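Quick note: the coordinates plus some simple rules give every number you see, no bench work behind them. Given the structure is predicted, the values throughout are model-derived calculations rather than measurements. Virtual Cβ from ideal backbone geometry, glycine too; neighbours counted across all protein chains shown.
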Amino acid sequence: MNRAKVMSFIKANTMIIALVVITAFFVWQTGGKIILPQNVSNLISQNAYVFVLATGMLLCILTGGNIDLSVGSVVCIVGAAGATLMENRDVHWVIAVIFMLILGIAIGAWQGFWIAYVRVPPFICTLAGMLIFRGLSNIILDGLTVSLTNTTFIRLFGGGADCYISDLFSVEGFNLTAMVAGIITSVIYIIIQIQGRVKKIRKGYEIEPIQNMLIRSVIISAVIIAFSFQLSRYRGIPTALVIVVIVVLVYGYITSKTVLGRHFYAVGGNEKAARLSGINTNRIYFIAYTNMGFLSALAGMLTIARFTSAQPSYGQNYEMDAIASCFIGGASAYGGTGKVSGVIIGALLMGVINIGMSIKGVDSNWQKVVKGLVLLGAVIFDVVSKKKNN
């Protein structure tokens with residue numbers, strides 16, 4: 001592989017390489033503690049809300065680099081309302097879940113209306129939402145903590161020590177189900193890569209060198225299997241991971257395989273041209289922010305299940321984690337560019353940095369400095385790349 005091909009491969013897979021390098025760095029710095037089975041499991045449980053919120057944030061960013069600053073407050077108010085209904089009003093958890101989803105969608109639609117049809121700038125509208133819904137959360141909870149005792153809800157949304165998928169096999173000290181799931185996932189990923197390449201060849205599209213695809217497939221498959229092996233050595237697959245996988249698969253399909261998904265990219269690429277081509281751009285904005293409310297509600301459920309309580313402080317800085325994951329994962333600050341797979345890599349990278357620095361005992365203030373520099377570096381890389389392409 002000549003130098004040009006090597007540079008092409010590095011440019012196309014920058015974030016995957018960065019994830020591997022940073023993980024290797026923290027493995028070295030922590031003496032291997034970061035890849036202990038329990039820490040690998042915690043990486044998913046502690047960052048499930050980031051994966052969910054970042055997936056929704058990607059759709060907002062695709063429309064033109066717009067962001068939603070209110071998601072952390074929406075997480076808080078949805079969790080507060082749900083916990084209050086279940087614990088203080090004796091409402092069945094199924095009804096509470098439905099109510100939380102409807103509340104999240106309603107909040108998203110409310111903000112989406114002002115942004116899409118009145119054309120209030122997203123930054124201002126969602127900043128107002130961040131203040132409004134944080135205040136309402138405090139009013140609902142009256143500044144107090146509501147403990148969550150509904151075990152079914154907690155287990156379903158990944159909170160507590162028993163929130164793992166039961167092993168289908170009887171192997172002492174090793175969850176074979178998690179290992180089998182990892183192997184199957186790797187095989188499916190490779191098949192999808194091959195099918196995608198074959199389709200491009202048939203349609204006469206430009207394709208990347210076969211070596212690039214093979215190297216990337218081997219690296220990603222190895223990471224998936226290693227990840228599954230570590231989960232197998234602990235308690236298996238966290239239920240939160242199942243929810244995250246469903247969200248990623250659904251939105252990955254929507255953004256890459258549907259007309260609606262192509263409309264998001266079109267609006268972000270050039271809104272005026274998209275409107276002239278017949279795309280209802282107002283509708284796309286409305287869907288993006290309504291969907292963000294829906295996924296914020298889901299993240300709210302994951303949050304209160306994990307902590308088995310609802311507090312007025314929950315959700316603080318969640319919007320920053322989601323936004324950072326998107327830009328680090330390759331979403332363009334100008335809109336129109338980004339993939340769900342990239343966002344997940346960005347979220348994983350942030351999670352590895354968080355847990356690695358925590359294990360090393362790095363001061364929380366320095367952790368913020370590091371994450372801020374990583375975010376700035378990702379955006380600078382995007383801006384410089386755009387200038388070179390132009």
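General remarks:
- Dipole in debye (nearest 20) - the stretch 59-177, about Cα centre, beta carbon charges: Lys, Arg +1; Asp, Glu -1: 500 debye
- Point-to-point label distance, Arg89-Ile17, nm (Cα→Cβ direction, 7 Å offset): 5.4 nm
- For the stretch 164-237, a simple Cβ point-charge model (Lys and Arg +1, Asp and Glu -1, everything else neutral) yields a dipole of about 380 debye relative to the Cα centre.
- Extension gain, Leu168 to Ile183: 0.36 nm times the residue separation minus the Cα-Cα distance gives 3.9 nm.
- Theoretical FRET efficiency, 1/(1+(r/R0)^6), r = Cβ-Cβ of Ser364 and Arg202, R0 45 Å, to 0.05: 0.30
- Within the stretch 53-76: backbone nitrogen closer than 13 Å to the Leu260 label point (7 Å, Cα to C-beta): 59
- Helices in the chain that qualify as membrane-span-like (whole DSSP H runs, Cα extent of at least 18 Å along the helix axis, mean Kyte-Doolittle hydropathy of 0.5 or higher) are 14-29, 37-62, 71-88, 93-116, 122-141, 176-203, 210-233, 239-257, 281-307, 340-360.
- With neighbours defined as other Cβ atoms within 10 Å of a residue's Cβ, the residues Asp90, Asp382, Asp68 order from fewest to most as Asp90, Asp382, Asp68.
- The shape of the chain comes out oblate: with a ≥ b ≥ c from the C-alpha gyration tensor, a/c is at least 1.5 while a/b does not beat b/c.
- Residue of Ser41, Ser170, Ser232 that the Gaussian network model of the chain assigns the largest fluctuation, springs spanning Cα pairs under 10 Å: Ser170
- Cα shape, the stretch 201-354, gyration tensor, a/c 1.5 rule: oblate
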